[in-house]
Amino acid sequence: MGHGNEIQYLSAAILIGIGAYGVIRSLEEYKRHGEPVKTLARTLLVSFFLFGIAGGLGVLATVAVSLKFWMLQAVSITLGYIILASSTLNMLGKLERYWRAPSAQGEKSRGRKPPLPPAAMLTSTEDAKILLKTIFGYFNVPILAIGRERPESWVEKMGVEPAEYLWLTRVEHPQSVSPSALHILNSRITTFLKNNPSGIVYIEGIEYISFYVDFKSIAKFILAVRDAAIIHGGHMILLVTPETLEPQQYAIFKKELETIDVQRIINNVVGVALFGTLPPGSAPKSPERNGDAGTQSPKEGS
């Protein structure tokens with residue numbers, strides 16, 4: 001066997017090795033993530049198979065069997081390269097728009113409403129974090145957040161700077177509202193929605209409110225906020241997990257509020273990104289994980 005053949009055999013082995021590694025890695029990422037990462041992983045899997053495995057086998061067959069196999073080598077490598085290059089360039093263009101979007105308030109989507117229903121709910125703190133960061137980065141809409149953590153702790157956890165934050169606590173604080181004062185919360189929310197068309201009201205901590213108020217009053221409060229969001233053209237997002245409510249209580253919210261498909265919204269807003277690098281600092285997991293990331297139990301400030 002000549003020296004030239006040895007180099008060709010080595011090239012074939014390298015191509016097959018790279019292709020096999022790429023196929024295995026792409027398959028792992030495909031199983032691990034939801035859309036839009038699945039789409040990118042599937043594209044890379046096909047590309048690695050054509051460019052690496054099929055191309056390497058074409059080189060091997062050309063050297064060991066017959067020069068007639070050069071066509072298999074040429075077609076598979078070329079096709080795999082085209083798929084890989086085009087998907088990468090497309091991804092880079094979308095990533096550039098993403099990284100540029102949060103960099104300056106003036107570049108946010110002015111005059112556009114976020115792709116959210118008027119009244120919706122989420123069942124995962126992680127989903128809420130990802131959704132709010134995406135909306136905050138892409139749309140010039142104010143957010144009123146209601147939560148159980150100190151204002152600075154909530155901002156650090158969620159990575160979002162709301163226009164207004166109401167802290168559910170009985171501790172005296174400029175931003176605090178008693179969990180039993182639903183009439184005050186309702187008034188503050190209504191005023192916010194009147195003054196901020198297309199604004200977003202994000203509510204978490206209803207399991208804490210339930211320590212002070214009966215569920216019937218909580219349900220009336222949430223439905224009143226829903227109606228206010230619809231009337232004033234805004235959005236309400238409620239974070240609630242099935243584990244914190246009785247089945248019939250959870251069923252009421254599920255009936256009255258639309259469950260948000262975070263993966264689909266991010267896909268519409270951001271587009272395909274590289275293996276989980278969607279919102280900064282966190283990657284959406286597969287939607288099939290329902291229940292594995294419930295609302296974290298907040299700690300009272302006193």
Worksheet entry | Burial order of peptide ranges 187-197, 43-53 (average beta-carbon count within 10 Å, highest first) | 43-53, 187-197
Discussion item. For the pair Tyr81/Ser11, report the inter-label distance in nm, with labels modelled 7 Å from Cα in the Cβ direction.
Written reply: 1.1
Fill in: Gained length - Asn195 relative to Ala74, 0.36 nm times residue gap less alpha-carbon distance
37.2 nm
Discussion item. Can you compute the FRET efficiency between Gln175 and Arg42 using 1/(1 + (r/R0)^6), with r the Cβ-Cβ distance and R0 = 45 Å? Round to the nearest 0.05.
Written reply: 0.45
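How high is the FRET efficiency between Ile18 and Glu161 when r is their beta carbon distance and R₀ equals 30 Å, given to the nearest 0.05?
The computed FRET efficiency comes out at 0.10.
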Worksheet item: Using modelled amide H (1.01 Å from N, peptide plane; none on Pro or chain starts), what sits under 5 Å from the amide H of Tyr202, excluding residues fewer than 5 places away?
Response: Leu144, Ala145, Ile146, Ile237
Fill in: Listed residues Val141, Pro162, Ser124: farthest to the positive end of the dipole of the stretch 109-164 (Cβ charges)
Val141
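Which FRET efficiency value, to the nearest 0.05, is calculated for Gln248 and Asn140 with the Förster distance at 35 angstrom and r the Cβ-Cβ distance? Write down the numbers at each step before the final one.
Values: r = 40 Å, r/R0 = 1.13.
Efficiency for this residue pair is about 0.30.
May I ask you to rank Asp261, Asp127 by accessible area, largest first, using a 1.4 Å probe over the protein chains only?
Ranked list, largest accessible area first: Asp261, Asp127.
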Fill in: Arg25 versus Asn186: modelled label distance in nm, points set 7 Å from Cα along the beta carbon direction
5.6
Discussion item. Over the stretch 164-230, with the other protein chains present, what is the accessible area per residue in square angstrom, probe 1.4 angstrom?
Written reply: 44
Fill in: Interchain or long-range residues, amide H under 5 Å from Phe139's placed H
Ser109
Fill in: Greater than 23 Å apart at Cα, pairs in Lys129/Lys254; Lys31/Lys254; Lys220/Lys254; Lys31/Lys157
Lys31/Lys254; Lys31/Lys157
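The values are calculated or read from the model by the stated rules, or taken from the named source; none is laboratory data. Not measured: the values here are computed from a predicted model. Quick reminder, even Gly has a Cβ in these numbers, built from the backbone with ideal geometry, and neighbours come from all protein chains shown. The protein model used for the area step is the full one, side chains on, heavy atoms only, and it has no ligands, DNA or RNA in it. Shrake-Rupley method; radii C 1.70, N 1.55, O 1.52, S 1.80 Å.
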